[in-house]
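Everything on this sheet refers to the single structure shown next.
The values are calculated or read from the model by the stated rules, or taken from the named source; none is laboratory data. Everything numeric here is computed off the predicted structure, so don't read it as measured data. Cβ coordinates were reconstructed from backbone atoms using ideal geometry, including for glycine residues, and neighbour counts include every protein chain displayed. Side chains are part of the model used for accessible areas, which takes the heavy atoms of the whole protein and leaves out ligands, DNA and RNA. Shrake-Rupley method; radii C 1.70, N 1.55, O 1.52, S 1.80 Å.
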Amino acid sequence: IDYKGTEVWSHYSNKIVIKPWGQEYNIFINKKIFAITYLKIKKGFSTSLHCHPKKKTGFLILSGMAEVQLGIYKKNIVKFKPMSILVLRPGLFHKIKASNKSDLYALEIETPYIKSDLIRMSDNYGRINKGYEGINWTKKIKKNNIIFKKPTKNKKYMYKLNGIKITLSYYKNFNIFKNYDDKSVSVICDGNMITKDGNNVITAGEIVKSYTLKKLSKYYKVNKKILILKAFKIKSW
């Protein structure tokens, strides 16, 4: 059994990684800068209590209920329902459990994309002091598995995952975004917003309510173009 990590992101392209708690695969990759993983945690199962010292991670819950332990103490558990956002700083230990009622599906955002950036503190499956699952724990993606494509300049791609509709497209500004809370969530996949002096305000890896981008655009501008993954509940589409 090889749990040895790897820095070669391409090793996991078009592969489903089998986990003791479920499975995951890379649904979108921007080389080593940024990646989105589509994960399934079986009901009643949980990840290890772990951290990522070098990368920032974020989650967008698609379906099911996530019970998240933040930090090393079991009392710090917060529940996240569908369309909830969770962003974790580098080095923060965390553990994600699916409720006993249903499987949990989520998108995990990693910035930068480093599979081997993993430290496990405790684990129910004997993986303490072991790295990310190796190639022996993968299988090929099937034709019906969705992969997000990076759009061309004027193209918009649309997908549906677990009752959530998703668009992926570039924007030069946010004029078409709504001023009020339309309950959609935006993930910055590439590009940034900057101040007049060229300082970054928001960059790849951030997850925000979409109307937040509209508000920020009153004070800051998109630097050339910005790639946004926008997620909606079907009823708000």
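For this structure, a couple of remarks:
- Tail beyond 17 Å, pair distance distribution of segment 67-130 (Cα, percent): 51 percent
- 3J(HN,Hα) along segment 11-26, derived from phi through the Karplus expression 6.51 cos²θ - 1.76 cosθ + 1.60 where θ = phi - 60°, amounts to 4, 9, 5, 6, 10, 8, 8, 7, 10, x, 9, x, 7, 7, 8, 6 Hz, with x in place of Gly and Pro.
- A 1.4 Å probe run over the protein chains yields, for the chain, 52 Å² of accessible area per residue, whole-number rounding.
- The chain: most fluctuating residue of Lys55, Lys19, Lys130 per GNM, C-alpha cutoff 10 Å: Lys130
- Linear extension gain, Glu67 paired with Ile33, 0.36 nm per residue minus alpha-carbon span: 9.4 nm
- Per-residue ellipticity at 222 nm from helix content only, as computed over the chain with -39500 (n - 2.57) for each DSSP H run of at least four residues, stands at -500 deg cm²/dmol.
- Dipole magnitude of segment 91-214, debye to nearest 20 (Cβ charges: Lys/Arg +1, Asp/Glu -1, about Cα centre): 660 debye
- Calculated from backbone phi, Karplus (6.51, -1.76, 1.60) coupling profile of segment 47-58 in Hz, x at Gly/Pro: 6, 6, 7, 9, 9, 10, x, 9, 10, 8, 10, x
- Applying 0.36 nm per residue to the separation of Lys160 and Asn179 and subtracting their alpha-carbon distance, the gain on full extension is 4.4 nm.
- Highest mean first, the peptides 207-220, 34-47 sorted by other C-beta atoms within 10 Å per residue fall in the order 34-47, 207-220.
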